[in-house]
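K.L.:
Mind having a look at this structure? Questions to follow.
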Amino acid sequence: MALTGCSSGSDDGADGASGPELSVSGAFMPQPVSDMGAGFLTVRNDGGAADRLTSVTSPLSDEVTIHESKGQTMRKVDGFDVPADGELALERGGSHIMLDRLKQRPVKGDKVTVELRFEKSDPIRVELPVMEPTYVPPKSKPSQDDGGSTGTGSTTSHH
Ligand code: CU
């Protein structure tokens with residue numbers, strides 16, 4: 001409980017519980033094609049205080065780390081902030097959960113359990129449904145091919 005002074009000062013007494021209120025959505029894992037897997041999800045914080053994702057554990061791997069991607073490279077980070085009244089998005093091409101040396105290789109249809117640990121909030125246990133290796137979650141913006149998510153014939157070759 002490090003009270004370093006409320007700069008906004010607007011929530012004094014507004015509600016007693018001004019801690020982070022986290023919820024997780026959109027979690028999935030693309031089916032691993034090696035003994036390495038990646039997890040993606042969004043952590044939403046509806047509370048008035050920021051939190052921080054500090055580590056992730058999973059029964060499937062003893063080496064779970066959190067990575068951020070910068071261009072073509074990725075690197076391990078100590079944590080990710082979950083801003084107050086904001087969200088932390090781990091998505092393809094960006095930050096992700098990395099599971100190295102999988103004890104077994106899950107296939108599409110499986111569920112992989114991970115536990116997210118935070119600086120302030122209690123750990124959150126999440127089940128990641130395993131999707132096809134090329135799965136990309138639907139965006140809010142409707143793009144090409146309407147709804148047909150069966151084929152892998154993506155036409156996005158330009159970058
Ligand atoms: Cu990585």
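The values are calculated or read from the model by the stated rules, or taken from the named source; none is laboratory data. Here the structure is a predicted model, which is why all the values come from computation and not from measurement. Every residue, glycine as well, gets a Cβ built from its backbone with ideal geometry; the counts of neighbours run over all protein chains shown. Just the protein is used for accessible areas: all its heavy atoms, side chains included, with ligands, DNA and RNA removed. Shrake-Rupley method; radii C 1.70, N 1.55, O 1.52, S 1.80 Å.
K.L.:
Under a point spin-label approximation (7 Å from Cα along Cα-to-Cβ), what is the Thr73-Gln104 distance to one decimal in nm?
P.N.:
It is 3.7 nm.
K.L.:
Counting only heavy atoms of the protein chains, get the accessible area per residue of region 23-96 (1.4 Å probe) and round it to a whole Å² value.
P.N.:
Per residue, region 23-96 has an accessible area of 47 Å².
K.L.:
Take the Cβ-Cβ distance between Val33 and Thr57 as r, set R0 to 25 Å, and report the resulting FRET efficiency rounded to the nearest 0.05.
P.N.:
My answer for the efficiency is 0.65.
K.L.:
Rounded to the nearest 0.05, what FRET efficiency do Asp46 and Lys139 have when you use their Cβ-Cβ distance and R0 = 22 Å?
P.N.:
With a Förster radius of 22 Å, E is 0.50.
K.L.:
Sticking with this one: When we measure straight from the Cα of Lys120, which lysines land under 27 angstrom away, once same-chain ones fewer than 8 places off are left out?
P.N.:
Result set, ordered by chain and number: Lys76, Lys111.
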